[in-house]
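Written below as structure tokens is the structure these notes are about.
The values are calculated or read from the model by the stated rules, or taken from the named source; none is laboratory data. Since the model is a prediction, treat every value here as computed from it, not as a measurement. Positions of Cβ are backbone-derived with ideal geometry, glycine not excepted, and every protein chain shown enters the neighbour counts. Ligands, DNA and RNA are excluded from the accessible area calculation, which covers all protein heavy atoms including side chains. Shrake-Rupley method; radii C 1.70, N 1.55, O 1.52, S 1.80 Å.
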Amino acid sequence: MIRSTELASFLKTSPQNLNNLRVKEGFQEEIISEKEPIPKDLYGTMDTLKGPRNRYFTPLGVRKILEKRNYPFKKKIVSISNLKGGVGKTSICVHLARMAVTFGFRVLVVDADKQGNATGQLISGQDFKYCLFNIITKDKNFQCNLEDAIIKVNDFLSVIPSNLNNQRLEMELQKGLINNIGYFGRLFKQQDYD
């Protein structure tokens with residue numbers, strides 16, 4: 001979520017113009033207490049949340065505003081990689097995903113790291129049966145389709161989690177049974193993510 005004043009600054013408009021648009025378009029608004037956590041189910045149903053001092057736009061509300069301004073939500077693949085450890089790959093990935101969601105983008109995070117720290121930061125306290133290895137392997141004992149591996153965090157964020165099976169991912173890719181670039185391009189092209 002983003003405060004209306006911050007969104008207005010980003011869009012180079014006034015908070016009053018945003019409020020006029022909100023009223024004109026009939027955005028759905030929920031009254032909240034800023035002292036209590038916001039229920040996650042409001043992210044995909046409400047456009048704005050109104051507290052005692054601030055109004056917040058949910059990802060759904062921001063997306064509606066950007067669509068009204070004819071913003072083209074084009075598919076974009078962003079890869080963050082580096083062979084060296086401890087350089088901030090996971091932090092950058094998680095922060096980019098969260099900011100993109102804040103601005104109404106539908107994001108799929110693919111955690112290919114064996115340690116699964118991005119998975120742990122975005123979805124905590126769960127074990128996952130499938131990971132990227134299960135999607136690309138040709139071994140029928142481990143194979144799954146893409147939809148089975150995707151975990152939906154909310155209406156705007158989904159994750160293909162990592163687990164210990166991803167230790168075999170590098171070996172599977174080195175076998176050369178798939179064209180990495182073409183395969184992943186086709187695999188994700190069908191999905192409804194920005």
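Pull out a ≥ b ≥ c, the square roots of the eigenvalues of the alpha-carbon gyration tensor of region 17-76, then state rounded if a/c is under 1.5, prolate if not and a/b is larger than b/c, and oblate in the remaining case. Can you show the working numbers first?
Values: a/c = 2.53, a/b = 1.50, b/c = 1.69.
It is oblate, given that a/c is not under 1.5 and a/b is not larger than b/c.
Please report, as a whole percent, how much of the solvent-accessible surface of the chain comes from carbon and sulfur atoms (probe radius 1.4 Å).
Roughly 51 percent of what the probe reaches on the chain is carbon or sulfur.
Taking every Cα atom in the chain, find the radius of gyration and the maximum pairwise distance Dmax, and write them in Å.
Here Rg and the maximum Cα pair distance are 19.2, 59 Å.
222 nm [θ] for the chain, helices only, -39500 (n - 2.57) per DSSP H run of 4+, per residue, to 500?
-10500 deg cm²/dmol
Leaving out ligands and nucleic acids, note down the accessible area per residue over the chain with a 1.4 angstrom probe, in whole Å². Walk me through the numbers before you get to the answer.
On the way: 12020 Å² over 194 residues.
Solvent-accessible surface per residue comes out at 62 Å².
Check each of the trypsin sites (Lys or Arg not before Pro) in region 1-84 and keep only those in coil by DSSP with at most 14 other C-beta atoms within 10 angstrom; list them in order.
In loop regions of region 1-84 (DSSP not H, G, I, E or B), the sparsely surrounded trypsin sites (Lys or Arg not before Pro) are Lys12, Lys35, Arg53, Arg69, Lys74, Lys75, Lys76, Lys84.
Counting other Cβ atoms within 10 Å, which trypsin sites (Lys or Arg not before Pro) in region 102-146 have at most 15 and lie in a DSSP loop?
Lys129, Lys138, Lys140
Just grab the label-to-label distance for His95 and Arg53, each label 7 Å out from Cα along the Cβ direction, in nm (one decimal).
2.5 nm
Show the residues, 5+ positions off or on another chain, whose built amide H is closer than 5 Å to the amide H of Val107.
Amide H neighbours of Val107: Leu157, Ser158, Asp194.
Which residue fluctuates most in the GNM of the chain (Cα springs below 10 Å): Glu172, Glu30, Glu147?
Among Glu172, Glu30, Glu147, the largest mean-square fluctuation in the Gaussian network model of the chain belongs to Glu147.
Quick one: which residues, 5+ away or cross-chain, put their amide H under 5 Å from the amide H of Ile151? H built at 1.01 Å from N.
Correct list: Val159, Ile160.
What ³J(HN,Hα) values, in whole Hz, does the Karplus curve 6.51 cos²θ - 1.76 cosθ + 1.60 give for region 159-174 when θ = phi - 60°, with x put for Gly and Pro?
Running phi through 6.51 cos²θ - 1.76 cosθ + 1.60 with θ = phi - 60° gives 9, 9, x, 10, 8, 5, 4, 5, 4, 8, 4, 4, 5, 5, 5, 6 Hz.
What number comes out for the charge environment of Leu7, summing +1 per Lys or Arg and -1 per Asp or Glu over other residues with Cβ under 11 Å away?
Charge balance near Leu7 sits at +3.
So how many Å³ per residue does the convex hull of the Cα atoms of region 100-143 work out to?
94 Å³
Summarise the long-distance tail of P(r) for region 105-194 by giving the % of C-alpha pairs beyond 16 Å.
So the portion of pairs separated by more than 16 Å is 53 percent.
Which residues in region 161-175 have a backbone N closer than 19 Å to a point placed 7 Å from the Cα of Gln190 along the Cα-to-Cβ line?
161
Can you divide the C-alpha Rg of region 46-91 by 2.2 N^0.38 Å and report the result to two decimal places? Numbers along the way, then the final one.
Values: Rg = 17.1 Å, N = 46, 2.2 N^0.38 = 9.4 Å.
Cα Rg divided by the expected 2.2 N^0.38 Å: 1.82.
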